Amino acid sequence: MKKSIILCISVSLCLNPVLAQSFNMQQCMQYAVQHNHEVKQAELELDNYQASKTDAIGQFLPAVDGYVGAQYNFGRAIDPETNGYTDVSTFYNGYQLSASLPIFDGFSRLHALKAAKASELMGRASLRQRQDLTALDVLQAYTNVAYYDGLVKMANEKVAETLLLLKQVRVLEEVGRKSAADVAQVESQKAEADYELTRQQNLYASAILELKKAMNYPLGDSIKVVGDGGLVMTDSAFQHPTPITNHPELQVARYRMQASKHEWHQARASLYPSLSLSAGLSTTYYKTLHNDAAETFRNQMKNNMGEYLGVSLNIPLFNRLQTLTSIRKAKNNYRIAQEAYDQKQLELTKLSTEAWNDWLGYQKQTIQMQKKVQADSLSYQLTRRQFEEGLSTAIDLHTTSAQLLNSKATLLQCQLMAEVKQKLVRYYRGECIWE
């Protein structure tokens, strides 16, 4: 757009412009991305993926456990000193420290880590995708506001113009150069212009409300939207669409496919034996109540100390076909992800090409409509002069005026749509359109 657009939400906002916060298109999109609820949910989902990755890394570390227990025995119990039964009350205290580390698990932990890394990348791409979609929603809402604001300005100009024309016609009626029918027709045009102004103001107010909703902006607060002054778009800035590779939606599908592949390999790891190493030490303290001849706590802790080192091998034999079923499902999920990736790539390539063609088309239409507006403006000026001289009717004047207004509205729509399509071309190329 070649001129800045300043929009006011209500009469109170116009009377108190300092109370309204100003936003241009880029600032509207940035505000929406920062305050959108779905974007915040995507950020939390990304944090969950990062937590899962940390958990997968932790599986390579040994597990260390500590145990402390105390027990009072009343009545018949086993004496740990003699290993026989006794009827006296005793106190037993045990301590244990153990560690275990899987040595081989069919590379299950390795594939789990790779799947977690792919899921984290998928979460980042999903966040970017959500941010871009939020920005596109705001872009559409902003464009509607700019369009209806332009129509309101045109309607205001039309009201002022018909009011001036009505005064002229009434003066010409007084001098006998115009009839009462001519005055009535111009009055009808004035009423029509007033109606159109009211209608466009209502549409503009609805567009402002939709923009606030898309931005997650407080509905009760005033907002002033300032146009960016238009974009200079040349063929050198953009080349013909290339195969889509960096689009967030395609990245999500790619990383989901990678995660599914590693989950499939992780499921196959259940067919292999697993080997683990364990080690630990333990000690106890024992005392017969009301007996002062027991060994001291320090001596018993030292004398009762024991250590162990163990290796265990687990060989899967038969688990009612659960492993085979899990592998089959995981493999199918991987194939589904492959198909989804190919479908998404084809879909995005089609949409990118359509956006490119639409962008070129709206640029050409803008140039054509600029020429049409100039021609319709000249036609209207000539018809109005002829009407003042009595060489044309009020109907002819109304026809050329409506034609000019329609051309201006179409030109504004082409300019805004060219800007939207240019943003879409950047979006499908994987560029950030809101930063």
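Taken together, the values in this text are just the output of simple stated rules run on the coordinates, not laboratory data. Computed from a predicted structure; not experimentally measured. Cβ atoms come from the backbone with ideal geometry, glycine included; neighbour counts cover every protein chain shown.
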Query raised in the report: Extension gain Leu378-Asn332, at 0.36 nm per residue separation less the Cα-Cα distance, in nm?
Result: 9.8 nm
Report summary line: In this structure, the FRET efficiency calculated for Leu317 and Phe104 from their beta-carbon separation, with R0 = 22 Å, to the nearest 0.05, is 0.80
Query raised in the report: Arranged from highest to lowest average of other beta-carbon atoms within 10 Å per residue, in what order do the peptides 24-30, 35-41, 332-338 appear?
Result: 24-30, 332-338, 35-41
Report task. Could you work out how far apart the two model spin labels at Leu281 and Glu38 are, taking each label as a point 7 Å from the Cα in the direction of the beta carbon, and quote it in nm? Result -> 5.9
Query - For segment 10-158, the Rg and Dmax computed from alpha carbons only, in angstrom - result: 33.2, 111
Query - Cα centroid separation - segment 52-74 against segment 249-281, whole Å - result: 23
Query raised in the report: Amide H to amide H under 5 Å from Gly430: which residues, 5+ apart in sequence or cross-chain, H placed 1.01 Å off N in plane?
Result: none
Requested in this report: Identify, among Thr366, Tyr380, Phe297, the residue whose Cα sits farthest towards the positive end of the charge dipole of the chain, taking +1 on the Cβ of Lys and Arg and -1 on the Cβ of Asp and Glu, with the dipole about the Cα centre.
Outcome: Thr366
Report summary line: Taking a crude spin-label model, label points 7 Å out from Cα along the C-beta direction, the Val64 to Ala184 distance in nm is 10.1
**Report entry** Volume per residue of the C-alpha convex hull in segment 345-435, rounded to whole Å³
**Finding:** 94
Report task. Give the share of C-alpha pairs in each 5 angstrom bin for segment 78-211, from 0 to the last occupied bin, in whole percents, shortest bins first. Result -> 2, 8, 8, 7, 6, 6, 6, 5, 5, 5, 4, 4, 4, 4, 3, 3, 3, 3, 3, 2, 2, 2, 2, 1, 1, 1, 1, 0
Query - Between segment 141-162 and segment 316-387, the alpha-carbon center distance in angstrom - result: 30
Requested in this report: With N denoting the number of residues in the chain, provide Rg(C-alpha) divided by 2.2 N^0.38 Å, to two decimal places.
Outcome: 1.77
Report summary line: Hydrophobic long helices for the chain, i.e. whole DSSP H runs reaching 15 angstrom or more by Cα along the axis with Kyte-Doolittle mean at least -0.5, come out as 108-174, 180-215, 394-428
Requested in this report: Just the Kirkwood number for segment 295-401, please: inverse of mean 1/r across all distinct Cα pairs, in Å, one decimal.
Outcome: 23.8
Query raised in the report: Using 0.36 nm per residue, how much length does the chain from Ile395 to Asp194 gain when fully extended, once their Cα-Cα distance is taken away?
Result: 70.6 nm
**Report entry** Label-point gap, in nm, between Ala294 and Ile57 - each point 7 angstrom along Cα→Cβ
**Finding:** 4.7
